[in-house]
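What follows is a single structure, written as structure tokens, with notes after it.
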Amino acid sequence: MAGATTAMQAWLGSRAQVRERRGMQRGTEPQGILVDLASNDYLGLSADPRVIEAATAALHQFGAGARGSRVVCGTTAAHQDLEEQLCLLTGQEAALAFSSGYTANIGVLTALGGPGTLIIHDAHVHASLLDGIRLSRSPSLEVAHHDIAAIGAALAGRTQPRAVVVLESIYSVLGDAADLSAVARLCATFDALLLVDEAHGIGVADQGRGAAHAAGLAASPHVAVTATLSKALGSQGGAVLGSPALREHLVNTARTFIFDTALAPSAAAAAARAAAIVRLEPELAGRVLANAAALAARCGVPQAAGAVQSIPVESAARAAELAAGLRTRGVSVGCFRPPSVPDGVSRLRLTARANLTEPELEWAANTVAQAVESAAKDGSA
Ligand SMILES: Cc1ncc(COP(=O)(O)O)c(C=O)c1O
């Protein structure tokens, strides 16, 4: 009956009030912004005419949607080209495209997991990895951020025949890097698989080839990689990279691959073109790191490993206030609060982009630095 409040509506209303009180309300409004330090378009490729042109050509050739799952009728030449380009960029033997990075992570973890697979993960891994671990029904163990000794102890003491260690190469909120070489050595010693989420590594680390490539782990039998096409590659979608046997296993068992409509061919074509651009123009990744260094220096934080710079803020409410204030002044920044930050520390998340001009970068960095400094003074007054 219109006008009556259902139990569900009452509950939704009370949850919204709690979020509002704690400064935890999120929104989805489009933003008219002068300088974007919030998006993950690290190389500016989402608006690159060559990427748009590739997507447009695929729209005309294949239509707006994939029309079915990859294993039914959804695989097109654009998907095949994308997987080839991802292998050329990262040095991996095989790639499988998914409809998002989220579904790639859930797909690979559920396909590899189960009672016979122990999954060990860093406390700061992304929600999609945590969801994949939960859905896999594997025994799992969380270790403190970067605690390599704890990973070694868990691997040494395991009773399951198989084990997977899950990390991000460059962490999405903190912006710091995992020691992939050390963890890969442990995985080789204890016959485990290291699964590295390179959402923030590909396109940025090692001239865009990613941190696994930088560590010489691209074709290691003990390493597999997941990627998103929606950050440095400027498009939409995700992928798992590794051995041909892993790819074949996923095609046959990964539920988020089999029971999901394939990635739109235009998104696949855009990401394929972007991957080729990253490979052929390694200076793009260099520019991101140079801009990240300038941003970190002006904001008084140590430079992180990739495009993401993280500024801790005393409370969730203060972080939300700072981000909102900056938005009114024309700078868009990310605002990360619990539960997105497992250590409970709210943060402003700034992303450097290769296509920020010098004046844009200087103005935006100064605006952020002044806002943070004056918030700190208010806080200590
Ligand atoms: C580390 C990490 N993994 C996976 C994802 C999910 O990727 P997508 O947005 O393509 O679903 C993200 C996106 O925020 C991420 O930061």
Margin query: Can you show me the helix-derived [θ] at 222 nm for the chain, built from DSSP H runs with n ≥ 4 at -39,500 (n - 2.57) apiece and divided by the number of residues, rounded to the nearest 500.
Written below: -14000 deg cm²/dmol
Next item on the list: With a 1.4 Å probe and every protein chain kept in, tell me what percent of the accessible surface of the stretch 255-311 is carbon plus sulfur.
Entry: 57
Notebook entry, point to check: For the chain, what is the accessible area per residue in Å², given a 1.4 Å probe and the full set of protein chains?
Noted result: 44
Check: When the chain is modelled as a GNM with alpha-carbon springs shorter than 10 Å, which of GLY157, GLY201, GLY175 fluctuates the most?
Finding: GLY157
Next item on the list: Calculate, for ALA293 and ILE148, the FRET efficiency according to 1/(1 + (r/R0)^6) with r their C-beta to C-beta distance and R0 35 Å; round to the nearest 0.05.
Entry: 0.85
Margin query: Need one value: the accessible area of THR159 in square angstrom, 1.4 angstrom probe, rounded to the nearest 10.
Written below: 120
Margin query: I'd like the accessible area for HIS121, computed on protein heavy atoms only with a 1.4 Å probe and all protein chains in place. Round to 10 Å², please.
Written below: 10
Check: Gain in length, HIS249 to THR6, computed as 0.36 nm per residue apart minus the alpha-carbon separation, to one decimal in nm?
Finding: 82.9 nm
Notebook entry, point to check: Taking a probe of 1.4 angstrom, what is the accessible area of ASP36 in Å², to the nearest 10?
Noted result: 40
Notebook entry, point to check: Where nothing but the Cβ of Lys and Arg (+1) and of Asp and Glu (-1) is charged, how large is the charge dipole of the chain around its Cα centre, in debye to the nearest 20?
Noted result: 880
Margin query: Per residue, how big is the convex hull of the stretch 252-379 when only Cα atoms are used? Give it in Å³.
Written below: 171
Next item on the list: Could you work out the relative contact order of the stretch 154-284, using alpha carbon pairs under 8 angstrom and six or more residues apart, expressed as a whole percent?
Entry: 20
Check: What shape does the stretch 175-243 have by the C-alpha gyration tensor, where a ≥ b ≥ c are the square roots of the eigenvalues, rounded means a/c under 1.5, and otherwise prolate means a/b greater than b/c and oblate the rest?
Finding: prolate
Check: Kirkwood hydrodynamic radius of the stretch 47-280 from all distinct Cα pairs, in Å?
Finding: 17.5
Note to self: Students often check this: by mean Cβ neighbours within 10 Å, which of 76-82, 312-318, 349-355 ranks highest, and how do the rest follow?
What the structure shows: 349-355, 76-82, 312-318
Notebook entry, point to check: Can you list the residues of the stretch 180-203 with backbone N under 20 Å from a point 7 Å past the Cα of ARG134, pointing along Cα to Cβ?
Noted result: 197
Notebook entry, point to check: Given the Cα-Cα distance of GLN17 and ASN355 and 0.36 nm per residue of separation, how much length would full extension add, in nm?
Noted result: 117.7 nm
Checklist line | Built amide H within the under 5 Å cut-off of SER140, gap 5+ | finding: ILE119
Margin query: How much of the pair distance distribution for the stretch 268-324 lies past 14 Å, counting alpha-carbon pairs only, in percent?
Written below: 67
Check: Got the relative contact order for the stretch 227-372 handy, in percent, Cα pairs under 8 Å and 6 or more residues apart?
Finding: 20
Notebook entry, point to check: So for the chain, taking the charge dipole from beta-carbon charges (+1 Lys/Arg, -1 Asp/Glu), which of GLY306, GLN207, ALA320 sits furthest toward the positive end?
Noted result: ALA320
Next item on the list: Run through the DSSP bridge list for the stretch 47-280 and note the antiparallel percent, rounded to the nearest 5.
Entry: 40
Margin query: Restricting things to Cα coordinates, could you compute the convex hull volume per residue of the stretch 167-288 in Å³?
Written below: 113
Check: Using the Cα atoms as the points, what is the convex hull volume per residue of the stretch 61-157 in Å³?
Finding: 141
Check: Taking amide H positions as placed 1.01 Å from N in the peptide plane, with prolines and chain starts having none, which residues 5 or more places from LEU193, or on another chain, fall under 5 Å of its amide H?
Finding: ALA163, VAL164, VAL165
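The values are calculated or read from the model by the stated rules, or taken from the named source; none is laboratory data. This one's a predicted model, so the numbers in the text were calculated from it and none came from an experiment. Please note: Cβ atoms are built from the backbone with ideal geometry, for glycine as well, and neighbour counts cover all protein chains shown. The accessibility values were calculated without ligands, DNA or RNA, using every heavy atom of the protein model including side chains. Shrake-Rupley method; radii C 1.70, N 1.55, O 1.52, S 1.80 Å.
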